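> This is the structure I want to talk about, given as structure tokens.
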Amino acid sequence: GMLPLSASAQATAPGEGSLSEWVKSKISELSEEDYTQAGPFPLQGSDLYQYTFTKNQYDNEGNLTQDAVYIILPGIGAANTQIPDYGEDSSLKKPWGESNASAVYIAKGVTGIGNHAFDGMTTLETLEIENPTSLKSVGDYAFNGCDKLVGPLDLSGVTDMGKYAFNGCERLGSGEDNEGVKLSDSLTEIPEYAFNGCGLKNVNIPTNCTEIGNNAFANNSLSGELNLPSSLITIGERAFYRYNSSSDTGGFSSITIPSSVTKIGANAFSGHKSLETVTLEHEDKENLTIADGAFGTDTYTAHNYLDSITVGDITYEDVH
């Protein structure tokens, strides 16, 4: 009879005939650029495989360095299609280690990127996902500190995101049309520091999001009108905090908070000096807690010193 999935043989290496046109085109481009190909090698702790492409080149100071590019794809018959967790809690060593990779290509069928997978890879400029709908999860610290990674980034399949996932990826917002990141409407929680300091100029808050964690979108270049979804319950401390200097004017000009929200954390919207209107769709104040400095405390942290916010015939005093 048929063997259960758990007893199936481990995935076998992808052959030439099993590669998608997208993977073939990447391999072909890299060969034309004189990269040396190795692999595919099995990615320990998963049924994935990786191709490695390397090339010696000179940096701006004239030092000889080695660039690396990775293509990660499922093996034939793969069951475990997640890039594994790395970091302190894992015995696995990252195969790309200190490789100074400039690009990572994630092929269709890879369903997750584990904790710390590319944490601190300060050389990474390009992350391309062949089929964004197949990538479902991005782990804690997965791309933390990848400060050269340029957007836009399509994360529209990701329904599970880890804390600090893209923390400090300061060039994510600098891609074409300032699109930044595209998030899935099925993503229910944006955890702490997920997009802190990413240079984002705009963002789509998923329509089913219930929680925006502490510092989730802090220290970005967001502006214009912010309309939050009617599913949202909690806005964490410094969730949209902006650091600014005395000469800086910017940030959101108007914020609409739906009646579903029960808690706005301290300094959540501090630093938005263009802020002119805050609309709370709540009918009574019993359902909402606003912590200190939620909308700034003075002319440096909010354009208007909002002594109180009036909604209907209810005034919310001391929003600072």
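The values are calculated or read from the model by the stated rules, or taken from the named source; none is laboratory data. Note that this is a predicted model, so its numbers are computed, not measured. Please note: Cβ atoms are built from the backbone with ideal geometry, for glycine as well, and neighbour counts cover all protein chains shown. These accessible areas exclude ligands, DNA and RNA; they are computed on the full protein's heavy atoms, side chains included. Shrake-Rupley method; radii C 1.70, N 1.55, O 1.52, S 1.80 Å.
> From Cα pairs below 8 angstrom and at least 6 apart in sequence, can you work out the relative contact order of the stretch 16-61, rounded to a whole percent?
Normalised by residue count, the contact order of the stretch 16-61 is 28 percent.
> For semi-axes √(5λ) of the Cα gyration tensor in Å, one of (1) 39, 25, 19; (2) 42, 23, 15; (3) 45, 29, 18 was computed from the structure I shared and the rest are decoys. Which label?
Of the listed options (1) 39, 25, 19; (2) 42, 23, 15; (3) 45, 29, 18, (2) comes from this structure.
> How big is the stretch 127-286 by Rg and Dmax over its Cα atoms, in Å?
Over the stretch 127-286's Cα set, Rg and Dmax evaluate to 15.0, 48 Å.
> Amide H of ASP85 versus every other amide H placed in the peptide plane: which residues, excluding those fewer than 5 positions away on the same chain, fall under 5 Å?
Here the answer is ASN115, since their amide H atoms fall under 5 Å of that of ASP85.
> Sticking with this one: Please label the shape of the stretch 108-216 as rounded, prolate or oblate, based on the square roots a ≥ b ≥ c of the eigenvalues of the alpha-carbon gyration tensor (a/c under 1.5 means rounded; beyond that, a/b larger than b/c means prolate, else oblate).
Cα axes put the stretch 108-216 in the rounded bin.
> For a quick check of understanding: with a 1.4 angstrom probe and all protein chains in place, what accessible area in square angstrom does TRP22 have, to the nearest ten?
Counting only protein heavy atoms, the figure is 50 Å².
> When you have a sec, figure out the Kirkwood radius of the stretch 164-234 from all distinct Cα pair distances and drop it here in Å to one decimal?
Radius from the Kirkwood sum: 12.1 Å.
> Have a look at SER186, ILE235, PRO14 and report the one farthest towards the positive end of the charge dipole of the chain, computed about the Cα centre with Cβ charges (Lys/Arg +1, Asp/Glu -1).
Selected residue: PRO14.
> While we're here: Beyond 18 Å between alpha-carbons counts as too far, so tell me which of LYS263/LYS285; LYS26/LYS108; LYS94/LYS182 fall in that bin.
From the list (LYS263/LYS285; LYS26/LYS108; LYS94/LYS182), the Cα-Cα distance tops 18 Å for LYS94/LYS182.
> With θ set to phi - 60° and the Karplus curve 6.51 cos²θ - 1.76 cosθ + 1.60, what are the ³J(HN,Hα) couplings of the stretch 150-166 in order, to the nearest whole Hz, using x for Gly and Pro?
My calculation for the stretch 150-166 gives 9, x, x, 10, 8, 10, 6, x, 6, 10, 9, 10, x, 5, 6, 4, 10 Hz in order.
> Whole-Hz ³J(HN,Hα) for each residue in the stretch 272-287, computed from phi via Karplus 6.51 cos²θ - 1.76 cosθ + 1.60 with θ = phi - 60°, x for glycine and proline: what do you get?
Couplings: 8, 6, 8, 5, 10, 9, 10, 10, 9, 8, 7, 8, 9, 7, 4, 8 Hz.
> Separate question: In degrees from 0 to 90, rounded to the nearest 10, what is the angle of the helix 21-32 Cα long axis to the longest principal axis of the chain?
70 degrees
> Something else about it: Comparing LEU232, LEU73, LEU92, which has the greatest mean-square fluctuation in the GNM of the chain with Cα pairs linked when under 10 Å apart?
Between LEU232, LEU73, LEU92, it is LEU92 that shows the largest mean-square fluctuation.
> Additional query: Classify the stretch 23-80 as rounded, prolate or oblate, taking a ≥ b ≥ c as the square roots of the eigenvalues of its Cα gyration tensor: rounded when a/c is under 1.5, otherwise prolate if a/b is larger than b/c and oblate if not.
prolate
> In whole percent, how big is the carbon plus sulfur part of the accessible area of the chain, probe 1.4 Å, protein atoms only?
43 percent
> To check you understand DSSP bridge types, tell me what percent of the beta bridges within the chain (both residues inside) are antiparallel, rounded to 5.
Antiparallel: roughly 40 percent of the beta bridges in the chain.
> Run the helix sum for the chain: -39,500 (n - 2.57) per DSSP H stretch of 4+ residues, divided by residue count, reported at 222 nm to the nearest 500 deg cm²/dmol.
The helix-only estimate for the chain comes to -1000 deg cm²/dmol at 222 nm.
> Right, here's the next one. Rounded to the nearest Å, what's the spacing between the alpha carbon centres of the stretch 114-152 and the stretch 174-230? Just the number, please.
For the stretch 114-152 versus the stretch 174-230, the Cα centre distance is 16 Å.
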